[in-house]
1. Here is a list: B:Gly105, B:Gly14, B:Gly77. Which entry is of a type outside the set (Phe, Trp, Tyr) and more than 25 Å from B:Thr190 (Cα to Cα)?
2. Can you tell me which residue in region B:216-241 is nearest to B:Gly14 (Cα to Cα), limited to those that are of a type in the set (S, T, N, Q) and in contact with a Pro (Cβ under 9 Å, 6 or more places away or on another chain)?
3. Sort through C:Glu141, C:Glu229 and tell me the only one that's without any contact (Cβ under 8 Å) to a residue 60 or more places away in the chain and not in a loop (DSSP other than H, G, I, E, B).
4. So how many residues does region C:201-226 have that are over 15 Å from the mean Cα position of the chain (by Cα) and part of a loop (DSSP other than H, G, I, E, B)?
5. Restricting to region C:129-154, give me the number of residues that are surrounded by 14 or more Cβ atoms within 10 Å (Cβ to Cβ), farther than 22 Å from A:Ala234 by Cα and of a type in the set (Lys, Arg).
6. Could you please find all residues in region B:222-234 being within 20 Å of A:Gln216 (Cβ to Cβ) and surrounded by 23 or more Cβ atoms within 10 Å (Cβ to Cβ)?
7. Can you tell me which residue in region C:23-66 is surrounded by the most Cβ atoms within 10 Å (Cβ to Cβ), limited to those that are outside any loop (DSSP other than H, G, I, E, B) and acidic (Asp, Glu)?
8. From the residues in region A:87-107 that are in a loop (DSSP other than H, G, I, E, B) and under 15 Å from the mean Cα position of the chain (by Cα), which one is nearest to A:Glu222 (Cα to Cα)?
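Please treat every number below as a calculation from the coordinates, not as lab data. From a predicted model like this one, the values you see are computed outputs, not experimental measurements. Backbone-built Cβ (ideal geometry, glycine too); neighbour counts: all protein chains shown.
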Amino acid sequence: MATYVLVHGAWHTGKELEATANPIRAAGHEVHCPTLAGNRPGDVKTTGLDEAITSVVDFLAEKDLSDVILVGHSYGGMVITGVADRAGERLKRLVYWNAFVPNDGECLNDMIPPHYIALFDAIEKEIGDGSVVLPFPIWREAFINDADAATAQRAYDGLNPHPMKTFKDPIKLKANPAEMEIAKSYVNCTEDTALPHGLPWHPRLSEKLGLFRLVQVPGSHELCFSNPERLAKAIMDAGRD
Amino acid sequence: MATYVLVHGAWHTGKELEATANPIRAAGHEVHCPTLAGNRPGDVKTTGLDEAITSVVDFLAEKDLSDVILVGHSYGGMVITGVADRAGERLKRLVYWNAFVPNDGECLNDMIPPHYIALFDAIEKEIGDGSVVLPFPIWREAFINDADAATAQRAYDGLNPHPMKTFKDPIKLKANPAEMEIAKSYVNCTEDTALPHGLPWHPRLSEKLGLFRLVQVPGSHELCFSNPERLAKAIMDAGRD
Amino acid sequence: MATYVLVHGAWHTGKELEATANPIRAAGHEVHCPTLAGNRPGDVKTTGLDEAITSVVDFLAEKDLSDVILVGHSYGGMVITGVADRAGERLKRLVYWNAFVPNDGECLNDMIPPHYIALFDAIEKEIGDGSVVLPFPIWREAFINDADAATAQRAYDGLNPHPMKTFKDPIKLKANPAEMEIAKSYVNCTEDTALPHGLPWHPRLSEKLGLFRLVQVPGSHELCFSNPERLAKAIMDAGRD
């Protein structure tokens, strides 16, 4: 039996990962799905990356978890990298699931195409409280392309405005992921086009891990909604010894 | 219930798409498989791209079809792009299935490797009526690599000489596909090696669509022969709202 | 009924391919799994590439095999290319399964990343008899990423030290693979990360074959251990007419 902690991506909360957590629990493992600072109901939308990382470090300490397989989705890859830097002694393996892999000094926006940055900047200005949202057509076509329309809409309705500062804050690391001694895996959903135009998740970002285990699975960026059972299987293949 | 129009590729006719159309019909949709000008029995082989496009524009008008999901295979991508430019008001979504995506002023030959152009030129000269055929070894190994020998031969025997002019004619568009407001999808068969040598269909051509929905499915360029049911499912995933 | 000869990769023997050979035999074919010079119990570890090639040429002659579908895995791609050059008249088709494809004058080390060469050189110096072994963490994460821990360990325990000279010897060929008239296929396991960092097996090495048939299948570099039935099916799809 292993202990999994699933860290959600931007616009999500831990609640949306429960459907993925359940098949992992059914296989005999302990699974936690905390919600990051910045995405909890009532959180101010000026939250930065360091606060988000701290919220997971604190979660691990409060629950006194050890030998944790720490899984990060998308923006969650920024967070689990920071947690590994600050609380590595509680971790057994990092699992990046179509997630950003930062080196020291990089921010999320350093790894996305210029047209996304321009779009997010414009939306942030329009909203005015520091948050950014994802327009539905981009969500439908590029994030959840493998789901039917009803699933895409229901999932979209559950999203929350995301603090833009977490995309702009450079991460501070004592060592880059390739130099971290912890075991690492990358789960790549093969129809994920959330990062378009020749800037794919894998191998562009995965190779920053140095030695890592690749697990690939059919699906979009939001496989947690379109097929959580398949995603759970991939996470377990990535997390096992 | 939706209305699908399936536009075949070079050397094919609409008849070869009936096996793909049938499972789409069985799911409750209306499906048409017209044959393009230049590929109909008796057509002169000096037919150009504009005539092929016109033949679909006319087909939509004759049947008075609207809200059409217009699917194009391979060379058919040239044709559906032209139809969207000229009869966009009848269309709901474009679905490119391992298909060429032209910008204004591009011809099909602009998107294929030089050794194919040289081969096609040589064959066209030898035949002498403006048409080109595909040598069987290339068909067998690079176009229908996922089928058994009998299926590959039977499918080959049904092909018709294709008017080479349609490969050389630049398309005239008021707007490039990325700027077209219509919804767009790209179906990518993952074992398609009809375009070899680092010039793949996806993402090289698909990214010219701007925002689009990706659907991937195992199979060769000629999945319509090797597994029409699987292709039909992919087309429906690409075509749904 | 066809005749298959399966040529193993570095660190392996023919014995490890029996689990793959059996489903091919069950489909009615004749299958041989010889062990290359340099990997047989008692072989000196100063064996070179030419001796390994000769051991297969001799095997084909001793058994008087003809119309052979010659399959090479990884390093075995070097060997089958040399066999095609020297005993092509006995062969019907070459099948490269995540295998190296050399042109005249190339050695295996010319096709792998610099950090592997440095690692192998260091290990060779430490062992001192001309052989090299693969560290378990690399095996587990990058070669057999799709298996459970027990399978990964059991397979690792069966490996034998590999003669490093076979990686450094340039191959001598009368014609490069693209110019060879024999039919060719490439089986690509899609989760194979044994060659990392933007230097993939396919299409980087497969395209050196010229016209070839692509077969793709989910799995790691060591699918012969993690799912031999699936591999056997892929080899038969690659080998059929």
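1. Details: B:Gly14 fails: more than 25 Å from B:Thr190 (Cα to Cα); B:Gly77 fails: more than 25 Å from B:Thr190 (Cα to Cα).
Result: B:Gly105 is the single residue among B:Gly105, B:Gly14, B:Gly77 that is of a type outside the set (Phe, Trp, Tyr) and more than 25 Å from B:Thr190 (Cα to Cα).
2. B:Asn227
3. C:Glu141
4. The number of residues fulfilling the criteria is 7.
5. Of the residues in that region, 0 qualify.
6. Taking region B:222-234 and keeping what is within 20 Å of A:Gln216 (Cβ to Cβ), we get B:230, B:234.
Within region B:222-234, B:Ala234 is the sole residue that qualifies.
7. C:Glu51
8. Within region A:87-107, the match that is nearest to A:Glu222 (Cα to Cα) is A:Asn98.
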